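Step one of this worksheet: look at the structure below.
The values are calculated or read from the model by the stated rules, or taken from the named source; none is laboratory data. Quantities reported herein were computed from a predicted structural model and do not represent experimental measurements. Positions of Cβ are generated from backbone atoms using ideal geometry, with glycine treated the same way; all protein chains shown enter the neighbour counts.
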């Protein structure tokens, strides 16, 4: 198993930083333009679903099987990740009085569904978002331990679900009467733990060769959970046939994008 070497660490840090910069750039560019958010956010979420599913099933899981073997333990880790994310979200929701949204479902459409009875506090959103960003950083770094191509595909997948996630958080911060400047500061704060995730994988890789391979099924499980439990249910609220076809096209386009990247020369 390749550890996160000094030559690979800068790539993981750069990719993780770019993910956060793109997400914050989208917030900055579209803040105050609710009509654009409503028009295009659904398509972006659909694209993210396709990329997340294809990355998990066509990149991360095959690499995990290649390095760890097609063993019951690998599938146990994948299953435990799915159940663990579900349990974490449900417990966090209960502890905050049902106020928290799932980490991957912080889209504007989610916010609009809940504005009538939402009791979230900004601190709940910040904590949940920071936890989510940390997992994203781990996923990017773990993917770069395989090779640069898998790392870039993983970073792309995270970018495409992190942008609507961050836009949704920003929209709700403003809805909760947080100033625009403060909302931008919180958006930056939410993304910082992703760098800690990269650092964790570096420490694990340096301390125990082969340990980071087990982060691959965990990352795959995280992507599958976000796509199928958080994002896809949001898409099912749409009933207009034209928009449904647009959703399907964007999901397939996301998967095709991952397949296209897979055909590029490896690093």
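Looking at the structure I just gave you, is residue 24 over 20 Å from residue 178 (Cβ atoms) and either modelled with pLDDT of 75 or more or touching a helix residue (DSSP H, G or I) at 6+ places or on another chain (Cβ under 9 Å) (or both)?
No: the conditions fail for residue 24.
I need the full set of residues from the stretch 229-247 which are in contact (Cβ under 8 Å) with a residue 12 or more places away in the chain and under 20 Å from the mean Cα position of the chain (by Cα), in order please.
229, 230, 231, 232, 233, 234, 235, 247
Here are some conditions: (1) modelled with pLDDT of 85 or more; (2) crowded, with 22+ Cβ neighbours inside 10 Å. Residue 156 meets all but one. Which one does it not meet?
Only one criterion in (1) modelled with pLDDT of 85 or more; (2) crowded, with 22+ Cβ neighbours inside 10 Å is unmet by residue 156, namely (2).
May I ask you to list the residues in the stretch 161-182 that are outside any loop (DSSP other than H, G, I, E, B) and over 20 Å from the mean Cα position of the chain (by Cα)?
Within the stretch 161-182, 174, 175, 180, 181, 182 qualify.
Kindly indicate the residue of the stretch 59-78 that is under 17 Å from the mean Cα position of the chain (by Cα) and under 24 Å from residue 260 (Cβ atoms) and also surrounded by the most Cβ atoms within 10 Å (Cβ to Cβ) among those meeting that condition.
Here the residue is 60.
Of everything in the stretch 195-210, what is modelled with pLDDT of 65 or more, surrounded by fewer than 18 Cβ atoms within 10 Å (Cβ to Cβ) and over 20 Å from the mean Cα position of the chain (by Cα)? Give them in sequence order.
The one that is modelled with pLDDT of 65 or more, surrounded by fewer than 18 Cβ atoms within 10 Å (Cβ to Cβ) and over 20 Å from the mean Cα position of the chain (by Cα): 203.
I need a count of the residues in the stretch 29-52 that are in a helix (DSSP H, G or I) and out of contact with any helix residue (DSSP H, G or I) (no Cβ under 7 Å at 6 or more places or on another chain).
Of the residues in the stretch 29-52, 5 are in a helix (DSSP H, G or I) and out of contact with any helix residue (DSSP H, G or I) (no Cβ under 7 Å at 6 or more places or on another chain).
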